[in-house]
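Colleague: I'd like to ask you about the structure that follows.
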Amino acid sequence: MKNLWSGRFSKAMDEVTALYNESLSFDNVLYPYSILGSLAHVTMLKDCKIIDEDTYKKIKSGLIKVKKKFDKGEVELDIANEDIMMLIEKELTNEIGKAGKALHTARSRNDQNALDETLFMREACLETLTRLKNLMEVLIKKAKEEGHKIMPGFTHLQHAQPITVGYYYMAHFQRFKRDSEKFMELFKRLQENPLGACAMAGTTLPTDRFITTKLLGFDKPTENAMDTVGNRDNIMDYLYLSSLTMTHISSIAEEFVVFNSQEFSFIDIDDGYCTGSSIMPQKKNPDLAELARGKVGRNIGNLINLLTVVKGTFLTFNKDFQEDKEALFDSIKTLNMSLLIFEKMLEGSHFKEEVLKKHLEEGFIEATDIAEYLVKENIPFRSAHEIVGNLVKYCENNNKDFSQINKKDLEILEFPVKLDDLSIFKIENSIKRRNSFGATSFKEVDRQVGVGEEYIEKLENQISRLKNTIDSLYANLEK
């Protein structure tokens, strides 16, 4: 095959070289974005009088036909074409003849590739944001449904203080909320138009990058062509954010695996998101949670992969950058599927209230409340801490829990406040009294849920508005 760049070469590319060099086998998914960018580019060439009206109309009509062929799966993905950009240009030239050769005027595959990836990533960010929004909606729903249930909170995987299940779900909500805020910030950084940077130094032709910027829904053109072509920061940002979000998924996955065990038995996971054993009939394994916990390694690996690729590259374009796509595509797929799985799995799972109540009887979980009660009685906290520590040790030595402590026990301990027993420190009272901002009381969790619902409504409106804008681009350029 004669390559589009074969004028410089006296020898055809070796078959092994072609196989090693190609990216068409995976970058073919970028064809809608490459064609969209080409429609904007040819419109700019016409408006700047770099090509005539007739050539513009032929290229535009040809690009629309080529896209329809791709949509129907009628284009052969022959790796001899190297990448999706060269394949589209070949199909266009086959479709309209000589006029197709004018499309690549005042652009390079360097800025074209940067544009295709940027357009693709804008949609990918919105898809991820939608998945995050859906998961956060489920977390809020579960917080409202199970907010009355009380469970042990843990530090060092030991009983620490009582919390509500609603509070637990809203804690995870905050993690995914931060993730969504970061992805929205990334979307904003994707609003700079790389098209027109050309190979690395711009062009001598009288182009206008602000035309393509407007046509493609960007906010502004990128500032420096050399940086534009050598920049993979936005891709690495997505890989980092996907890794961070996957660690948050992995965290709740680990908790569900532990909470599902016979030793805890805190939760019942929906059967649709568990598997059985090929040999042990009694097994119900939390495989989906375990798998999500494992898949975080893919995303972290993809991030490390690309960081390693770019760490020693010389400005500006290097073939190393071809390695960005498979890492990006894989991380997007893994993250979005994991978010969907957890959205569905959480919706059908529930905490077992009777089991939780039994666990709350263990670990002297009311200890901090007793210490804080003593503080209210003008006892310095460090002294109160020691007094309650002695109380816990007394209980352990006498095989008692706080509910079994009576007046005589308190007298033996020389407890500094006269009480008949410790009944005022019941778990329910502990929850009700924890009213500090951001705490676990029923009232506070209701407030957090309300704030969360407001955030989701705002996020949903943002996503909808941005999607509508992006969805209208192709229709506008096709007119």
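Colleague: Could you give me D for region 364-433, from Stokes-Einstein at 20 °C and 1.002 mPa s, where the hydrodynamic radius is the Kirkwood radius over C-alpha pairs? Units µm² s⁻¹, please.
Modeller: It comes out at roughly 176 µm²/s.
Colleague: Let me ask something else. What ranking do 24-34, 170-180 get when scored by the average of other Cβ atoms within 10 Å per residue, highest first?
Modeller: Ranked from most to least packed, the peptides come out as 170-180, 24-34.
Colleague: As a test of reading the structure, rank Glu74, Glu146 by solvent-accessible area (1.4 Å probe, protein chains only), most first.
Modeller: Ranked list, largest accessible area first: Glu74, Glu146.
Colleague: In nm, give the distance between the simple-model label positions of Lys284 and Val16, each being 7 Å from the Cα along the Cα-to-Cβ direction.
Modeller: In this crude spin-label approximation the distance works out to 5.7 nm.
Colleague: List the pairs from Lys141/Lys467; Lys188/Lys295; Lys177/Lys295; Lys283/Lys443; Lys142/Lys220; Lys49/Lys220 whose alpha-carbon separation is above 31 Å, in the order I gave them.
Modeller: Checking Cα-Cα distances, Lys283/Lys443; Lys142/Lys220 exceed 31 Å.
Colleague: Count the lysine pairs in region 364-433 that are 8 or more places apart or on different chains: how many have C-alpha atoms under 24 angstrom apart?
Modeller: So the count works out to 19.
Colleague: Averaged per residue, what accessible area in Å² does region 131-197 show with a 1.4 Å probe, protein chains only?
Modeller: Result: 37 Å² of accessible area for each residue.
Colleague: Expressed as cubic angstrom per residue, what is the convex hull volume of the alpha carbon set of region 12-102?
Modeller: Roughly 95 Å³ of hull volume per residue.
Colleague: Report the equivalent ellipsoid semi-axes for region 73-209 in whole Å, largest first, defined as the square roots of five times the eigenvalues of the gyration tensor built from alpha carbon atoms.
Modeller: Each semi-axis is the square root of five times an eigenvalue, giving 52, 17, 12 Å.
Colleague: Compute, for Glu323, the solvent-accessible surface of its heavy atoms (probe 1.4 Å) with the complete set of protein chains present, and express it in square angstrom to the nearest 10.
Modeller: 90
Colleague: Also: So, in Å, what gap is there between the alpha-carbon centers of region 90-138 and region 150-208?
Modeller: Taking the Cα centre of each part, region 90-138 and region 150-208 sit 23 Å apart.
Colleague: Could you give the accessible area per residue of region 263-314, probe 1.4 Å, as a whole number in Å²?
Modeller: With the other protein chains kept in place, region 263-314 gives 60 Å² per residue.
Colleague: What accessible area per residue, rounded to a whole number of Å², is obtained for region 364-433 using a probe radius of 1.4 Å?
Modeller: I get 63 Å² per residue for region 364-433.
Colleague: Using the alpha-carbon centroid of each, what span in Å lies between region 258-286 and region 51-66?
Modeller: Computed from Cα coordinates, the inter-centre distance equals 60 Å.
Colleague: So what does Tyr273 come to for accessible area, using a 1.4 Å probe and Å² rounded to 10?
Modeller: My reading of the accessible area for Tyr273 is about 50 Å².
Colleague: What is the magnitude of the charge dipole of the chain about its Cα centre, with +1 placed on the Cβ of each Lys and Arg, -1 on the Cβ of each Asp and Glu, and no other charges, expressed in debye to the nearest 20?
Modeller: So the magnitude is around 1200 debye.
Colleague: May I pose another question? Once neighbouring chains are kept in place and the probe is 1.4 Å, which whole percent of the accessible area of region 12-102 is contributed by carbon and sulfur?
Modeller: With neighbouring chains kept in place, the figure for region 12-102 is 49 percent.
Colleague: Could you report the accessible area of Asp271 in Å², rounded to 10, computed with a 1.4 Å probe on the protein chains as they sit in the structure?
Modeller: Estimated to the nearest 10 Å², Asp271 gives 110 Å².
Colleague: What is the distance in Å between the Cα centroid of region 418-479 and that of region 337-374?
Modeller: Measuring centre to centre over Cα atoms gives 18 Å.
Colleague: Let me have the 222 nm mean residue ellipticity of the chain computed from DSSP H runs of 4+ only, each contributing -39500 (n - 2.57), with the sum over all residues rounded to the nearest 500.
Modeller: That comes out to -20500 deg cm²/dmol.
Colleague: Could you give the dipole magnitude of region 352-427 about its Cα centre, charging the beta-carbon of Lys and Arg +1 and that of Asp and Glu -1, in debye to the nearest 20?
Modeller: Its charge dipole is roughly 20 debye.
Colleague: Let me ask you something else. If you take mean projected area of the Cα convex hull in nm² from the coordinates, which of [x] 28.9; [y] 22.5; [z] 30.4 do you get?
Modeller: Working out mean projected area of the Cα convex hull in nm² from the coordinates points to [z].
The values are calculated or read from the model by the stated rules, or taken from the named source; none is laboratory data. Worth saying up front: this structure is predicted, and the values here are computed from it rather than measured. Note: ideal-geometry Cβ built from the backbone for every residue, glycine included; neighbour counts use all protein chains shown. Just the protein is used for accessible areas: all its heavy atoms, side chains included, with ligands, DNA and RNA removed. Shrake-Rupley method; radii C 1.70, N 1.55, O 1.52, S 1.80 Å.
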